[in-house]
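Student: Sharing a structure, written as structure tokens. Questions coming.
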Amino acid sequence: MKVVGCCLSILSPISSNHPRSSPSSSSSSSSAFPLHPITKRRSILFTASIVVASYLQLCPKSPSQSAIAQQLDETQQEEDRVVRLFEETSPSVVFIKDLEIINNPNNTDEVVMVDDEKAKVEGTGSGFIWDTFGHIVTNYHVVEKLATDQNGRQRCKIFLVDKNGNNLSRDGKIVGVDPSCDLAVLKVDIEGIEVKPVDIGSAQKLNVGQSCYAIGNPYGYENTLTTGVVSGLGREIPSPNGGAIRGAIQTDAAINSGNSGGPLLDSHGHVIGVNTSTFTRKGSGMSSGVNFAIPIDTVVKIVPYLIVYGTAYRDRF
């Protein structure tokens, strides 16, 4: 109603600017300056549009407009937060290639040179920098062939970045393994190089529904981020030696081949688990996967023993 009032108050002077005249003068004026009906209508519409635009600029936003603007702002803030999380944590994640020295590779083999010898890539995985001494935490099944090598033909190549963002590749050496918890510690030579270890969190106070993020190298695609939520807690999954890993974290964040050994992160970028496995059940032409991670609290208990003794503490008694 206010807009219409404004329009009327403006349109009224338009007609008042032309004083009433006698029929004779009106006739001569009309012939000299003919005012076409379409021109008059355009003038009125143009004036009305200016008034409406001015009114909309001056009047306060409606509740729905404010809610939409706030929602868009919150969405942008959330996206910016996830981008920062990835940028800050991805330098701590490494890419692991499991290699075997061979004499006559096939044409289909992915071949790399290791110490002037040809080696084929047998598998890939992920890991993360544990400390500033070059220790790398990953899954046991990622480096199982290296850990059980009897012929000296297995190698492990680790690709990482330093604090300045420079790409590096180093040979990884086994420091300790724990097949019962699917954990292993490697070491790379980083003399004269600064690396960024991960920030360790805790899985003890996790709740189902919390956001989580997985960074790894699925199918060899380095530095891949997937997002999801904590779908379940206290799960039991099989270990490489046939036992059971208890207390595993279930998540719907995609964990594919090559993600194994990489970190599962909370919203603050703290490691809450080690991505370890995906169970897939196929049926009716469709497949669905359930993803799991070893809780970081288990990792924190075991890794120091692997670094010092090469085995888990339970194996020492």
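Student: Return the residues of segment 199-227 that are touching a residue at least 40 places away in the same chain (Cβ under 8 Å), open to solvent by 20 Å² or more (accessible area, probe 1.4 Å) and part of a strand (DSSP E or B); say none if nothing qualifies.
Tutor: Listed by number, the residues that qualify are ASP199, ILE200, SER211, LEU225, THR227.
Student: For segment 146-156, enumerate the residues that are in a strand (DSSP E or B) and farther than 16 Å from HIS135 by Cα.
Tutor: Passing the criteria: GLN154, ARG155.
Student: A follow-up question, please. For the subset of segment 145-155 comprising residues that are in contact with a strand residue (DSSP E or B) (Cβ under 8 Å, 6 or more places away or on another chain) and either among the charged types (D, E, K, R) or closer than 15 Å to ILE190 by Cβ (or both), which member is surrounded by the most Cβ atoms within 10 Å (Cβ to Cβ)?
Tutor: Per the criteria, the residue is ARG155.
Student: Moving on. Being in contact (Cβ under 8 Å) with a residue 40 or more places away in the chain and more than 10 Å from the chain's Cα centre (by Cα) is the filter here; which residues of segment 62-89 pass it?
Tutor: Hits for segment 62-89 are ARG81, GLU88, THR89.
The values are calculated or read from the model by the stated rules, or taken from the named source; none is laboratory data. Remember, it's a predicted structure, so these values are computed and weren't measured experimentally. Every residue, glycine among them, receives a Cβ derived from its backbone with ideal geometry; neighbour counts consider all protein chains shown. Surface accessibility is based on the protein's heavy atoms, side chains included, excluding ligands, DNA and RNA. Shrake-Rupley method; radii C 1.70, N 1.55, O 1.52, S 1.80 Å.
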